[in-house]
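Okay, so here's the structure we're looking at.
The values are calculated or read from the model by the stated rules, or taken from the named source; none is laboratory data. All values derive from a computational prediction rather than experimental measurement. All Cβ positions, even for glycine, are placed from backbone atoms using ideal geometry, and neighbour counts span all protein chains on display.
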C-alpha cells in the first residue's frame, strides 16, 4: 500500500502541490492567490509575535506599541511588517478579485468558490478595521467612533447595535478588549475559509483567460506553476520590502502617532486607504437616508 493511501492528508497535499492539473495559458494574474496566502501567513506570524507584547488596555495600549517599537528586539520591524502587510494583503486581494470579475470566475460552476472568496474579503475588512483601532492613537480612536456610529442609522435597533459594539455607552476599555479578541481570532477564520476556497478551486478547476477549457489541455501544477509562483513571490517580496524599508509610514496616517484623546477631534477623520471606497459608499448611503 502506498504512503498516500495510508495517510490521505499526504495524498491531498501531494495532489494540490504537484499533480493538480491547471490550464496551460494562465498568466501572472493567476499568481495573486498564492501572494494572498503568503500575506496571510506573514500577518498571522507577526501578529502572534506582537500579541506577546501588546496590552489591550486604554491606558497602556499606545505605550505598549511604543514599547514594541523602541525596546523589543526588532519590534519596529515586526510592527512595520504587520502594518504594511495589511496594505499588501488588500492590494493583492483587490487585484485577485478584479481579475476574477474581469474573466468571469464567478460563473458556473464556480459560484460557491466566489461566495467563499467574498466571505474571506468581509472577514479581512472586519479584521483590518479592528486592528487599526488597537494602537489607540488619535485616528484609531476617532476612526472607530465614526465607523461604529454608522450602525446607529439601522432602523429600530441601531443604538442597541452600537452599544453592543462598544460594550457600554462610549468607546472605552471594553471596546478595545472586544476588538483585540476578535482581531486575534478572525485570522484563523480566514485561514479556514482559505482552505475551503482552495478545496473548491481544486474541485471545479481553474478558470483561464479564454474562459473555455479543452480536454487534456493542461499542465501539472509542479514544476511549471510552482516555479512560476515562487518567481512571482520573489518580486512581490521586493515590492513589499521597498515600502517596508524605505517608506514604512507612507500608507499610514501621522495622527496615529498621537495618543487617543476624546476631547480633541482631528481635522480630517479618514480610514485606511483600502477602506476609502466602502467609507464613501457608507457616507453616501447615510446622507441619502437622512434626506429621505
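Only one entry in 94, 80 is within 23 Å of residue 177 (Cα to Cα) and assigned to a helix (DSSP H, G or I), namely 80. Kindly establish whether residue 253 is modelled with pLDDT under 85 and over 19 Å from residue 153 (Cα atoms). In short, no.
Among the residues of the stretch 199-228, count how many are part of a loop (DSSP other than H, G, I, E, B), touching a residue at least 60 places away in the same chain (Cβ under 8 Å) and surrounded by fewer than 18 Cβ atoms within 10 Å (Cβ to Cβ). Step through it out loud before you land on a result.
Initially, the stretch 199-228 is screened for residues part of a loop (DSSP other than H, G, I, E, B), giving 205-217.
So of that shortlist, the ones also touching a residue at least 60 places away in the same chain (Cβ under 8 Å) come out as 205-211, 213, 217.
Remaining after also requiring surrounded by fewer than 18 Cβ atoms within 10 Å (Cβ to Cβ): 205, 209-211, 213, 217.
The total comes to 6.
Of the residues that make up the stretch 188-198, is at least one at pLDDT below 95, surrounded by 13 or more Cβ atoms within 10 Å (Cβ to Cβ) and not in a helix (DSSP H, G or I)? Looking through the stretch 188-198, none of the residues is at pLDDT below 95, surrounded by 13 or more Cβ atoms within 10 Å (Cβ to Cβ) and not in a helix (DSSP H, G or I). If you go through the stretch 101-118 and keep only what is in contact (Cβ under 8 Å) with a residue 60 or more places away in the chain and assigned to a helix (DSSP H, G or I), you end up with 112, 113, 116, 117.
Quick one: would you say residue 259 is modelled with pLDDT of 90 or more, touching a helix residue (DSSP H, G or I) at 6+ places or on another chain (Cβ under 6 Å) and over 12 Å from residue 84 (Cα atoms)?
Values: modelled with pLDDT of 90 or more: yes; touching a helix residue (DSSP H, G or I) at 6+ places or on another chain (Cβ under 6 Å): yes; over 12 Å from residue 84 (Cα atoms): yes.
So residue 259 fits the description; yes.
The set of residues in the stretch 146-173 that are part of a helix (DSSP H, G or I), over 21 Å from the mean Cα position of the chain (by Cα), free of Cβ contacts under 8 Å to residues at least 40 places away in the same chain and under 22 Å from residue 269 (Cβ atoms) comprises 149, 151, 152, 158, 159, 161, 162, 163, 166.
Residues in the stretch 29-61 that are in a helix (DSSP H, G or I) and over 21 Å from the mean Cα position of the chain (by Cα): 61 alone. Taking the stretch 252-263, which residues are surrounded by fewer than 17 Cβ atoms within 10 Å (Cβ to Cβ) and in a loop (DSSP other than H, G, I, E, B)? Scanning the stretch 252-263 gives 258, 261, 262, 263. Looking across the stretch 121-141, just one residue is assigned to a helix (DSSP H, G or I) and either touching a strand residue (DSSP E or B) at 6+ places or on another chain (Cβ under 8 Å) or more than 30 Å from residue 268 (Cα to Cα) (or both), and that is 138.
So that you can scan it fast, the table gives a plain yes or no per residue for (1) surrounded by fewer than 10 Cβ atoms within 10 Å (Cβ to Cβ); (2) more than 25 Å from residue 171 (Cα to Cα); (3) at pLDDT 90 or above; (4) in contact with a strand residue (DSSP E or B) (Cβ under 7 Å, 6 or more places away or on another chain):
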| position | (1), (2), (3), (4) |
| --- | --- |
| 240 | no, yes, yes, no |
| 244 | no, yes, yes, no |
| 265 | no, no, no, no |
| 269 | no, no, no, no |
| 276 | no, no, no, no |
| 286 | no, no, no, no |
| 291 | yes, yes, no, no |
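Report yes if some residue within the stretch 150-157 is within 26 Å of residue 68 (Cβ to Cβ) and out of contact with any helix residue (DSSP H, G or I) (no Cβ under 8 Å at 6 or more places or on another chain); otherwise report no. Within the stretch 150-157, not a single residue is within 26 Å of residue 68 (Cβ to Cβ) and out of contact with any helix residue (DSSP H, G or I) (no Cβ under 8 Å at 6 or more places or on another chain). Which residue out of 47, 117, 75 is under 26 Å from residue 166 (Cβ atoms) and at pLDDT 95 or above? Just a single option satisfies the conditions, and that option is 47.
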